Amino acid sequence: MAGSSSANLRRASFLMLVAVASCAAAGASAQDAETFYKTHTLTLGSPNSPGGGYDIYLRVLARHIARFIPGNPSVIVQNVAAAGGMALANQIYNTVPKDGSYFGMVRGTAIQEEVYKSPQVQFRGRDFAWIGNMNSDRDACVVSAGSGVSAIDDLYKREVIAGASGAGAQSYSFPVVYRELLGMKFKVIAGYPGTPERLLALERGEITGACGISLSLFRSQFSRLAADGKIRLIAQGALRKDERYPDVPNILDQAKSPEIRQALEFLYLPLALGRSLAAPPGTPPDRLAVLRSATLAAMKDADFLEEAGKLDIDIEPMGADETQATVERLFATPPAAIARIEAALAQ
């Protein structure tokens with residue numbers, strides 16, 4: 001009995017020491033993160049120029065995130081506006097500090113290029129230290145009042161002249177895919193540098209429609225024309241439709257077979273990663289946990305949401321695990337579905 005009691009006492013003492021050591025380690029880790037952020041600036045990388053859509057999101061985050069980080073660091077935004085976000089994705093993965101002082105917005109289209117095996121890709125999308133996602137978006141297809149199109153079924157009957165910036169842009173690839181895989185009568189005219197130029201062309205009657213416009217951009221820049229009856233939101237395209245537009249059909253539901261649906265899902269997955277945030281692989285786990293927690297907290301903060309509302313930008317917070325799962329889903333797309341999209345864009 002005495003031996004048994006002695007053994008139990010030693011076991012209890014050992015467990016207590018383990019618990020104390022664990023608490024001490026946790027405290028030291030938290031203290032290390034706080035000390036680090038007191039003495040380091042946090043840099044957020046933007047994949048476009050100041051004032052662009054991605055940049056606006058990051059600058060709102062930059063103005064609020066420090067309040068949720070131990071040490072309350074200074075926060076700056078670095079613009080890396082090159083190669084459609086590819087330059088920033090490569091930079092985050094390969095060259096920025098891996099100490100928790102840098103993360104940025106990695107565009108879903110850049111991750112998709114890895115699936116396409118683009119030679120520009122110098123990263124492994126699965127290996128980014130994903131932090132979260134500020135908003136998932138949807139494609140918006142609009143038509144002019146003079147297009148003769150009043151319902152999605154009309155897209156199979158009447159030709160719509162869609163303006164696009166050029167091959168590779170969603171304004172080009174989306175209507176082309178809808179034409180080739182679904183049979184919609186889109187004629188795509190390239191040469192419009194951006195959304196403002198396409199908007200003007202719609203008003204002038206040079207084109208009769210446009211796709212590859214994010215639904216959030218439609219809300220902020222096209223709502224006046226829609227309210228005036230000059231244009232009509234005829235369809236949305238996404239993995240999950242925006243319920244604020246319950247009467248606007250989802251193009252995904254136009255798929256005539258499971259195989260076509262898989263191809264369209266691959267097309268839309270980058271939209272689901274609309275404003276995704278990542279740090280470089282190798283970021284210390286305790287600092288990564290701080291950044292993940294702070295980003296989610298900021299996106300749910302009343303002051304942050306008030307500013308986002310004033311800027312008319314949508315916030316749909318997604319945590320790190322869900323962001324990582326969406327990236328994994330992109331890479332799990334069947335090769336046949338990817339080949340269908342590639343063949344459609346080769347037409």
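Observations on the structure shown:
- Anisotropy class assigned to the range 139-261 is rounded, per the alpha carbon gyration tensor with a/c under the 1.5 cut-off.
- Remark: the range 139-261 carries a charge dipole of roughly 40 debye about the Cα centre, counting +1 on each Lys and Arg Cβ and -1 on each Asp and Glu Cβ.
- Summing Cβ point charges (Lys, Arg +1; Asp, Glu -1) relative to the Cα centre of the chain gives a dipole of roughly 260 debye.
- By DSSP, the beta bridges lying fully in the chain are antiparallel in about 55 percent of cases.
- When the trypsin sites (Lys or Arg not before Pro) in the range 96-139 are filtered for DSSP coil states and for at most 13 other beta-carbon atoms within 10 Å of their beta-carbon, the remaining sites are LYS117, ARG124.
- Cleavage-rule hits (GluC sites (Glu not before Pro)) in the range 242-347: DSSP loop, at most 13 neighbouring Cβ within 10 angstrom: GLU243
- Residue-averaged 222 nm ellipticity for the chain, from DSSP H runs of 4+ at -39500 (n - 2.57), nearest 500: -14000 deg cm²/dmol
- The range 139-261: antiparallel DSSP beta bridges as a percent of all, rounded to 5: 60 percent
- Lysine pairs in the range 139-261 with Cα atoms under 19 Å, if 8 or more residues apart or on separate chains: 5
- Max mean-square fluctuation residue, GNM over the chain, Cα-Cα springs under 10 Å, options GLY209, GLY282, GLY237: GLY282
- Considering only VAL149, LEU217, ALA167, and ranking their Cα positions along the charge dipole of the chain that arises from unit charges at the beta-carbon of Lys, Arg, Asp and Glu, the one farthest toward the positive end is ALA167.
- Euclidean distance of C-alpha centroids, the range 149-196 and the range 47-73, integer Å: 34 Å
- Computed FRET value (nearest 0.05) for ALA325 with ASN72, which takes r as the C-beta separation and R₀ as 51 Å: 0.95
- Since only SER101, ASN79, LEU311 are under comparison, the one whose Cα sits farthest along the positive direction of the charge dipole of the chain, derived from C-beta charges on Lys, Arg, Asp and Glu, is SER101.
Every number in this text was worked out from the coordinates using simple rules, so none of it is lab data. Because the structure is predicted, anything quoted here is derived from the model rather than measured. Cβ atoms come from the backbone with ideal geometry, glycine included; neighbour counts cover every protein chain shown.
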